[in-house]
Amino acid sequence: MAQLSDDCFAFGGDLMPVRTALDLLRRRVAPVTAAETVPLADALGRVLAEDVVAPFDVPPHDNSAVDGYAVFFDDLRADGETVLPVTGRVAAGHLLGREGRRGEAVRIFTGAPMPAGFDTVLMQEDCRPIGSDGDGGSVAIPAGIKRGANRRKAGEDVTRGSVVLAAGRRLRPEDVGLAASLGRKDLSVRRPLRAAVFSTGDEVREPGQDLPQGCIYDANRFALIAALRQLGCAVTDLGILPDRLDAVTGALERAAADHDVLITSGGMSTGEEDHVKAAVEHLGSLHFWRLAIKPGRPVALGQVKGAAFVGLPGNPVAVMVTFLRIARPILLRLMGAEESEPRLFPVKAAFAYKKKAGRREYVRATLVRGEDGALTAVKHPRDGAGILSSLVESDGLVELPEDLSRLEPGETVEFLPLSEVR
């Protein structure tokens, strides 16, 4: 199956702005995952494959919003207390069994169906029972209540025939609850995107192994696997491949046979020990995204047989930034999700910053509330692309646009909370 047209990302010349790349993604990358039906309890985080349409109103009947007394509003005096006999009792899940009658009150509880005729409910705290407990006796009702108070109408939450959850939505706990309120026991969702992740490099070691001089532990692969699983992908860990063209080519070819997307970090340059680029070009096609972005070297998008390929930079912070802003939208589109763009929020910058014009930059920052209550973004003191702890210690990223070359304290900036892309 082909996800990408042959030339949709091929280009040369100037560096491509991030916004242009994201717009191309939105237009050119199509869903690849088929639909399957899963029990409602297993639907969290999955992408809906079809609209969920309400088969009835929710709530299905008028009901009381409080514990109290149901009455006819027109029976109440406007200038003083009204005393009415209490002639019945309605609990949630039970019916009164008859229509209401003028001149009476009925004891009613939260969620109980409103008997026909009654239009207003008084909270029990505002009323004065007359008799042992008010049931079978009378109740004194003060003046001042509004017509229709504390009455929840049928369809107040959901109207029959309306689309309550649209196809392409990634399901959250509240979405699952809404589907349950409609009586759905299962949902049609997209199957998980099958993603294969691997690292290359003779210097890279598995955590827990000995670390010879000149070697590093593999942080990128584990960060990417975690990020993919958080998106709901089914991840295959291909481990660390040696710096040999035959090993990289063989691993990519085998993985492409039963995965939707292949993801790696590093190994995309033209050095003698960087074989990923050559392997992808041998097996399929490769389109370099020469993005005007920092941190992040060129991000590669290509195709290996029937699988999409995403090549990310090698430095840990650059890997995470480009994953969140570039790879994540690709993956969401492949998954069939309509969601792709995270929300950015305006905050005040608490720092000065110089940057190269024509390049979009992402600055790690923490939010601090000032004396006026407004949030300000404080830049992390360390900003190297290899300092992963700076990302751990930050709340998110300040996004500085291409046309900005100098930022002064107090200016408004766009802030991307990391919680928005989890």
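Please compute the per residue accessible area over the chain with all protein chains in place, 1.4 Å probe, rounded to a whole number of Å². Can you show the working numbers first?
On the way: 19670 Å² over 422 residues.
On a per-residue basis, the chain sits at 47 Å².
Which percent, to the nearest 5, of DSSP beta bridges fully inside the chain are antiparallel? Don't skip to the answer; put the middle values down first.
Working: 58 of 83 bridges.
Roughly 70 percent of the beta bridges in the chain run antiparallel, per DSSP.
Give the average over all directions of the projected area of the C-alpha convex hull of region 35-109, one decimal, in nm². Write down the numbers at each step before the final one.
Numbers: hull surface 34.2 nm².
Projected over every direction and averaged, the Cα hull of region 35-109 covers 8.5 nm².
Please sort 391-398, 196-203, 94-101 by packing, taking for each peptide the average over its residues of neighbouring beta carbons within 10 angstrom, highest first. Provide the component values of the computation, followed by the final result.
Numbers: 391-398: 19.1, 196-203: 21.1, 94-101: 12.9.
Ranking the peptides 391-398, 196-203, 94-101 by packing returns 196-203, 391-398, 94-101.
Any chance you could check the Cα centroid distance between region 316-365 and region 387-408 for me, in angstrom?
Between the Cα centres of region 316-365 and region 387-408 lies a distance of 9 Å.
Looking at the calculated P(r) for the chain, what percent of the C-alpha pair distances fall above 35 Å?
On the way: 43539 of 88831 pairs.
It works out to 49 percent of all Cα pairs.
Can you sort Glu371, Glu338, Glu361 by solvent-accessible area, 1.4 Å probe, largest first? Don't jump to the answer; show the numbers that get you there.
Details: Glu371 200, Glu338 120, Glu361 5 Å².
I get Glu371, Glu338, Glu361, largest accessible area first.
List the lysines whose alpha-carbon lies under 19 Å from that of Lys356, not counting same-chain residues fewer than 8 positions away?
Lys294, Lys379
Whole percent per 5 Å bin, from 0 to the bin with the longest distance: what is P(r) over all C-alpha pairs of region 270-422?
Result, from short to long distances: 2, 9, 16, 19, 19, 14, 10, 6, 3, 2, 1, 0 percent.
The values are calculated or read from the model by the stated rules, or taken from the named source; none is laboratory data. In this text the structure is predicted, and so the values were computed from the model without any measurement. Note: ideal-geometry Cβ built from the backbone for every residue, glycine included; neighbour counts use all protein chains shown. Accessible surface areas use protein heavy atoms only, side chains included; no ligands, DNA or RNA. Shrake-Rupley method; radii C 1.70, N 1.55, O 1.52, S 1.80 Å.
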